[in-house]
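Accompanying notes for the structure given below.
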Amino acid sequence: MDVELRHLRAFAAVAKDRSFTAASKRLLITQPALSRTVQQLEASLGVRLLERTSRTVTLTAAGQEFLTRVAAILRDVDLAIAEARGERELCIGFSWVLPDPWAADTIAAFEAETGATAHLVRRDDLADALARGEVDVALVRHALADAEVVVLTLFEEPRYAAVSSRSPLAALGEIDWRDLGEHPVVINTASGNTRPELWPADQRPERVIECGNYDEWIALIAADRGVGATPRSATRTYAHAGVVFLPAPGAPPVPLSLAWLPRRATPLLRRFAEVALAHSGPASPPA
């Protein structure tokens with residue numbers, strides 16, 4: 001049997017995820033189909049690449065060496081395909097402030113490696129922007145309604161409280177997450193990550209003030225209409241004279257994720273995901 005790209009992509013996904021379940025979701029195929037594909041590859045090579053148990057997947061020595069070669073091959077193939085198709089631009093959607101310098105470093109590394117240009121495009125409704133093809137991939141901190149969207153978490157940030165500078169809370173050094181929920185909470189329903197469900201059931205905010213974007217959110221807090229919560233990066237790069245940011249012990253972290261539609265995945269998108277993950281710590285890129 002000839003070795004095909006689908007065999008290499010299947011093996012690379014399982015090897016990087018260390019999980020057939022996670023890899024099958026990433027590749028949008030069933031787990032049995034993925035297992036058969038990897039088994040076909042091992043049979044064709046005449047060597048075992050993965051050691052499997054009911055709970056774990058590990059690389060054999062041959063598998064580790066093979067993965068190094070395969071990863072390079074897949075990168076070269078994807079970039080060659082992108083060049084042949086004339087894909088030299090990648091539109092990256094976001095709703096509000098991005099972590100810095102992570103975002104700038106990631107985009108610079110992607111452009112240096114691929115020769116492509118990355119464009120940041122701000123949209124409040126990222127699911128709609130992906131569906132319309134306005135962006136190729138999105139950096140999101142909230143759940144997207146579209147069930148077809150694949151989401152890959154890059155890392156998590158600490159969540160900080162946001163209070164009006166006119167509020168007595170502003171004089172505190174920090175505010176416990178449970179105490180924050182005792183006040184009216186301003187929630188950005190379109191692109192924010194804070195929801196009443198993040199508090200224990202018996203400690204959820206009694207009053208929620210909804211808004212549609214980050215600018216409205218921070219303006220309402222500055223006007224002392226309520227309190228809010230936001231990732232730490234926002235406290236550093238989106239300051240507001242009327243808002244004070246405080247550590248919030250006990251607050252759940254805020255994930256930053258990549259989101260894309262599988263039917264529109266391109267070699268450049270896959271390469272951007274790999275670069276983003278490389279700058280975010282150990283994780284697995286989409287195969």
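Since every read-out is calculated from the coordinates, none of them should be taken as a lab result. It should be emphasised that the depicted structure is a prediction, and the values quoted were computed from it without experimental measurement. When we count neighbours, we look across all protein chains shown, and the Cβ atoms used for this are built from the backbone with ideal geometry, even at glycine.
Relative contact order for the chain using alpha-carbon pairs under 8 Å, separation at least 6, rounded to a whole percent?
Numbers: 505 pairs, mean separation 66.0, N = 287.
Here the relative contact order equals 23 percent.
Have a look at Ala72, Ala161, Leu90 and report the one farthest towards the positive end of the charge dipole of the chain, computed about the Cα centre with Cβ charges (Lys/Arg +1, Asp/Glu -1).
Ala72
Rank Leu49, Pro32, Ala15 by how far each Cα sits towards the positive end of the charge dipole of segment 5-85 (+1 on Lys, Arg Cβ; -1 on Asp, Glu Cβ) and give me just the farthest.
Pro32
What is the dipole size for the chain, taken about its Cα centre, with +1 at each Lys and Arg Cβ and -1 at each Asp and Glu Cβ, in debye to the nearest 20? Present the calculation step by step, with values, prior to reporting the outcome.
Working: 31 positive and 36 negative charges, 142 e Å.
That gives the chain a dipole magnitude of about 680 debye.
So who's got an amide H within less than 5 Å of the one on Val3, skipping anything under 5 residues away but keeping other chains? H placed 1.01 Å off N, in plane.
none
For segment 146-151, in order, what is each residue's ³J(HN,Hα) by Karplus, 6.51 cos²θ - 1.76 cosθ + 1.60 with θ = phi - 60°, in whole Hz (x at glycine and Pro)?
Along segment 146-151, the couplings run 5, 5, 7, 5, 8, 10 Hz.
Rounded to the nearest 500, what is the 222 nm mean residue ellipticity of the chain from helices alone, with -39500 (n - 2.57) per DSSP H run of 4+ residues and division by all residues? It would help to have the intermediate numbers written out before the result.
Numbers: 10 runs with 112 residues, N = 287.
Here the helix-only value at 222 nm equals -12000 deg cm²/dmol.
Which percent of Cα pairs goes in each bin when the distances of segment 205-287 are cut into 5 angstrom slices starting at zero?
3, 10, 17, 16, 14, 11, 12, 11, 5, 0
Using amide H atoms built 1.01 Å from N in the peptide plane, name the residues 5+ places from Leu154, or on other chains, whose amide H lies under 5 Å from its own.
Leu256, Ser257, Leu258
Amide H to amide H, which residues 5 or more places from Leu90 or on other chains are under 5 Å from it, using H placed in the peptide plane?
So Leu90 has HN proximity to Thr117, Ala118, His119.
Which percentage, to the nearest 5, of the DSSP beta bridges contained in the chain is antiparallel?
On the way: 22 of 35 bridges.
Just about 65 percent of them are antiparallel.
Using label points projected 7 Å from each Cα along Cα→Cβ, tell me how many nm separate Leu172 and Arg232, to one decimal.
Once both label points are built, they end up 2.0 nm from each other.
Averaging sequence separations of C-alpha pairs under 8 Å and six or more residues apart, then dividing by the length of segment 5-85, give the relative contact order as a whole percent. Present the calculation step by step, with values, prior to reporting the outcome.
Numbers: 67 pairs, mean separation 23.5, N = 81.
That works out to 29 percent.
I'd like the projected area of the chain, averaged over all directions, using the convex hull of its alpha carbons. Report it in nm² with one decimal. Working shown, then result.
Working: hull surface 67.8 nm².
Reported value for the Cα convex hull: 16.9 nm².
Under unit Cβ charges (Lys, Arg +1; Asp, Glu -1), what dipole magnitude, rounded to 20 debye, does segment 1-135 have relative to its Cα centre? Working shown, then result.
Details: 17 positive and 19 negative charges, 144 e Å.
Dipole about the Cα centre, nearest 20: 700 debye.
Give me a comma-separated list of calculated 3J(HN,Hα) values for segment 47-52, in order, Karplus coefficients 6.51, -1.76, 1.60 applied at θ = phi - 60°, integers in Hz, x for any Gly or Pro.
With the stated coefficients, segment 47-52 comes to 8, 7, 9, 10, 9, 10 Hz.
Segment 198-229 to segment 75-132: how many Å between their Cα centroids?
Cα centroid to Cα centroid, the span is 31 Å.
Between Thr189 and Arg204, 0.36 nm times their residue separation minus their Cα-Cα distance comes to what?
On the way: separation 15, 0.36 × 15 = 5.40 nm, distance 1.64 nm.
My answer for the length gained is 3.8 nm.
With charges set only on the Cβ (+1 for Lys and Arg, -1 for Asp and Glu), what does the dipole of segment 5-85 come to about its Cα centre, in debye to the nearest 20? Kindly include the intermediate steps, with their values, before the conclusion.
Working: 13 positive and 7 negative charges, 60 e Å.
Roughly 280 debye, rounded to the nearest 20.
Using only alpha carbon pairs under 8 Å that are at least six residues apart, calculate the relative contact order of segment 159-252 and give it in whole percent. Before the final figure, lay out each step's value.
On the way: 188 pairs, mean separation 46.0, N = 94.
Relative contact order here is 49 percent.
Note down the Stokes-Einstein diffusion coefficient of segment 159-252 in µm²/s, whole number, using a Kirkwood radius over alpha carbon pairs, 20 °C, and 1.002 mPa s.
167
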